[in-house]
Structure formats: C-alpha cells, structure tokens
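As structure tokens, the structure follows; a few thoughts come after it.
The values are calculated or read from the model by the stated rules, or taken from the named source; none is laboratory data. If you're wondering where the values come from, they're calculated on a predicted model, not measured in any experiment. All Cβ positions, glycine included, derive from the backbone under ideal geometry; neighbour counts span all protein chains shown.
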Amino acid sequence: MKRLHRSSDDRKIAGVCAGLGEYFELDPVFFRLFFLFSILFGGLGAIAYIMLWILVPLREGAQPAAGGGKQLRLSAQERMIGGVCGGLGEFFELDPVLFRAAFLVLAVIGGLGILLYVALWLLIPGPVAAPRRKQPHRG
C-alpha cells in the first residue's frame, strides 16, 4: 500500500511537494507551482501546505519511489542564465529557444515572463551532479 510521506531528499521547505510528487508519480514542480499560485491568489495554499507539513510524516533517508520517470530539473548543459529554459526543453524534448522566446514575450507584455522565470528558477531542483571518481591514494 502506498503511503504519503514528506521527502527528506528532494525538498525546498518541508518536503511536502516532493512527497506529493512521489505519491502521485508526478513531478514535484507541478505541486510547487500549485501552492505558489494558490498562495498568491487567496492564501489558501499556505494553510494547506502548513497542514500537510504538520500532518504528513517525514520519511528519513529513503530513496524516491520506484517508477518516478523523468523529472523536471534545471539544465547543466543548456544554460543561458539559470538553466530553466534548457531544463524545460530537456523535459518536454523541445528546443530551449522556444521557451526562451516565450519568456521574452511574456517579459515584454507586463513583466510576467520575468516573474515566472524567477519562480521556476527557485522551484525546479538543480541538475543531477555527476558521480565523483575516487582519486588514487598517493602514499
């Protein structure tokens, strides 16, 4: 039986969104955006997030649930500023230039593109670090 837990591995604040992402097998960024927009438009998102923070237990040191699929991350290779457009391009398998153009158009029309880009930059996890190779012991 699947159980809802807060994540201790992939968390920005309390691990609520990462836990919801593991439970529903969705990218946690979708839940982070949902809570952000619900906080901005009415404030109920903050109450719901705090309730989940209190009620949902923390899963210590556990691996993410199996079958997670691909996850939206900032890009390590396609990086102009923060890697947001490159990460979106890699996730949706589209050219990052399309996302850059969309953010630029939204930035010119009312500044929404800048706000959205910064929000995604803060909400999307960073790129996966390449595993380090052991250095030979010199002695």
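Close contacts from segment 38-50, counting a first residue that is touching a residue at least 12 places away in the same chain (Cβ under 8 Å) and a second that is assigned to a helix (DSSP H, G or I), with Cβ to Cβ under 6 Å and a gap of 6+ residues or different chains, come to TYR49/VAL16; TYR49/PHE35.
The set of residues in segment 16-54 that are at pLDDT 85 or above, part of a loop (DSSP other than H, G, I, E, B) and of a type in the set (Gly, Ala, Ser) is empty.
Is it the case that GLN77 is within 29 Å of SER8 (Cα to Cα) and at pLDDT 85 or above?
On the way: within 29 Å of SER8 (Cα to Cα): yes; at pLDDT 85 or above: yes.
It is true that GLN77 is within 29 Å of SER8 (Cα to Cα) and at pLDDT 85 or above.
Considering segment 12-38, the residues that are of a type in the set (Asp, Glu) and surrounded by fewer than 22 Cβ atoms within 10 Å (Cβ to Cβ) include one that is nearest to the chain's Cα centre (by Cα), namely ASP27.
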